[in-house]
Amino acid sequence: MPTYNEAGTIGRTVGQVLEACPDISIVVVDDGSPDGTGRLADSIAAGDRRVHVMHREGPRGLGPAYLAGFAWGLERGFAVICEMDMDGSHRPQDLPRLLALLDRRPQVALVLGSRRVSGGATAGWPWYRDLISRLGSWYARHALGIRVRDATAGFRAYRSWALRRVDLGSVESSGYVFQIDMLRRILAAGGIVVELPIVFVERTQGVSKMGPSIVLEAMVRVTGWGLERVRGCFGRGPAGR
Ligand SMILES: Nc1nc2c(ncn2[C@@H]2O[C@H](COP(=O)(O)OP(=O)(O)O[C@H]3O[C@H](CO)[C@@H](O)[C@H](O)[C@@H]3O)[C@@H](O)[C@H]2O)c(=O)[nH]1
């Protein structure tokens, strides 16, 4: 669970996750939050052995924070590694449903909590935020030729074997485009991805970290991957080798 300035939400969200999934381990990856989230995480971890904290140094970013969390989980041999926001937008009570799907379907590489399939929704987002999210997913789907409807979804359960198939060391995405980047890599490695409907509830405390640089990074990277894909299509075949 990545955190940047989530002092107002971390206690409640961690408690709810542990209540929903008592056998889970949580690693909080904090990027030196100035509001003291890291210290709060340490004190939660001191009282509960299921909670761990990584204090990350270096440039901030959702992508590098998640990569650090993945490495932590892979080193310790966990079979499934989940991602979710700390602000309560991803409802902890939905987590068992994501995990149950992996239990039922051993061949699935990744389950997404999706806002864009039947039964999924966002609650409390202003219209412009919903539009940006929809446009982002639409653009990613068409540029990258993928069928997943909620490409930027941040509520996920990855099978560890699927993460091991991906060259995580080559992932450079920093902002929310990290989610699209991981999705395209899992699909390119032949992984089966399933979307389960969730309701994403806008935070009531703290603020979103989305800003122009995050949107710009997403546009530039997705366009670049799209162009690579088109070049790959035209370059294939005997003449193009
Ligand atoms: N460590 C770390 N954590 C971060 C950073 N930026 C954001 N986070 C953490 O990542 C989670 C999501 O950040 P928000 O800023 O609350 O995201 P949002 O605007 O609600 O974005 C939602 O939509 C995105 C686009 O669809 C999703 O990609 C994202 O996961 C989330 O669902 C929160 O727990 C937040 O503290 C960072 O630079 N470093």
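Can you tell which of Ser25, Pro126, Phe234 lies farthest toward the positive end of the dipole of the stretch 2-240, using +1 and -1 charges on the Cβ of basic and acidic side chains (Lys, Arg; Asp, Glu)? Going by the Cα projections, it comes out as Phe234. Please report, as a whole percent, how much of the solvent-accessible surface of the chain comes from carbon and sulfur atoms (probe radius 1.4 Å). Taking all protein chains in place, the chain shows 56 percent carbon and sulfur surface. Between 0 and 90 degrees, the angle of helix 127-144 with respect to the longest Cα principal axis of the chain falls at about 40 degrees. Applying the Karplus relation 6.51 cos²θ - 1.76 cosθ + 1.60 with θ = phi - 60° to the stretch 168-181 yields 3J(HN,Hα) values of 5, x, 9, 6, 10, 5, 9, x, 5, 5, 3, 5, 5, 4 Hz, where x marks Gly and Pro. Using the charge dipole of the chain (Lys, Arg: +1 at Cβ; Asp, Glu: -1 at Cβ; taken about the Cα centre), state which of Trp72, Gly38, Leu112 has its Cα farthest towards the positive end. Of the candidates, Leu112 comes out farthest on the positive side. This model, with +1 at the C-beta of Lys and Arg and -1 at the C-beta of Asp and Glu, gives the chain a dipole about its Cα centre of some 1080 debye. Beyond 25 Å, the tail of the calculated P(r) for the chain holds 41 percent of the Cα pairs. Between the helical axis of 37-47 and the dominant principal axis of the chain, each derived from Cα atoms, what acute angle in degrees is found, rounded to the nearest 10? So the inclination is approximately 60 degrees.
In the context of the full set of protein chains, the chain has a per residue accessible area of 49 Å² (1.4 Å probe).
Placing unit charges on the Cβ atoms only, positive for Lys and Arg and negative for Asp and Glu, gives the stretch 101-169 a dipole magnitude near 160 debye about its Cα centre. Near the amide H of Val29, within less than 5 Å, lie the amide hydrogens of Thr3, Met54, all on another chain or at least 5 residues away, with H placed in the peptide plane. A prolate overall shape is assigned to the stretch 135-241, the ratio a/c of its alpha-carbon gyration tensor axes (a ≥ b ≥ c) being 1.5 or greater and a/b exceeding b/c. Computed over the chain, the per-residue total of -39500 (n - 2.57) for DSSP H runs of n ≥ 4 gives a 222 nm mean residue ellipticity of -14000 deg cm²/dmol, rounded to 500.
The values are calculated or read from the model by the stated rules, or taken from the named source; none is laboratory data. This is a predicted model, so every value here is computed, not measured. Positions of Cβ are generated from backbone atoms using ideal geometry, with glycine treated the same way; all protein chains shown enter the neighbour counts. Only protein heavy atoms, including side chains, enter the accessible area calculation; ligands, DNA and RNA are left aside. Shrake-Rupley method; radii C 1.70, N 1.55, O 1.52, S 1.80 Å.
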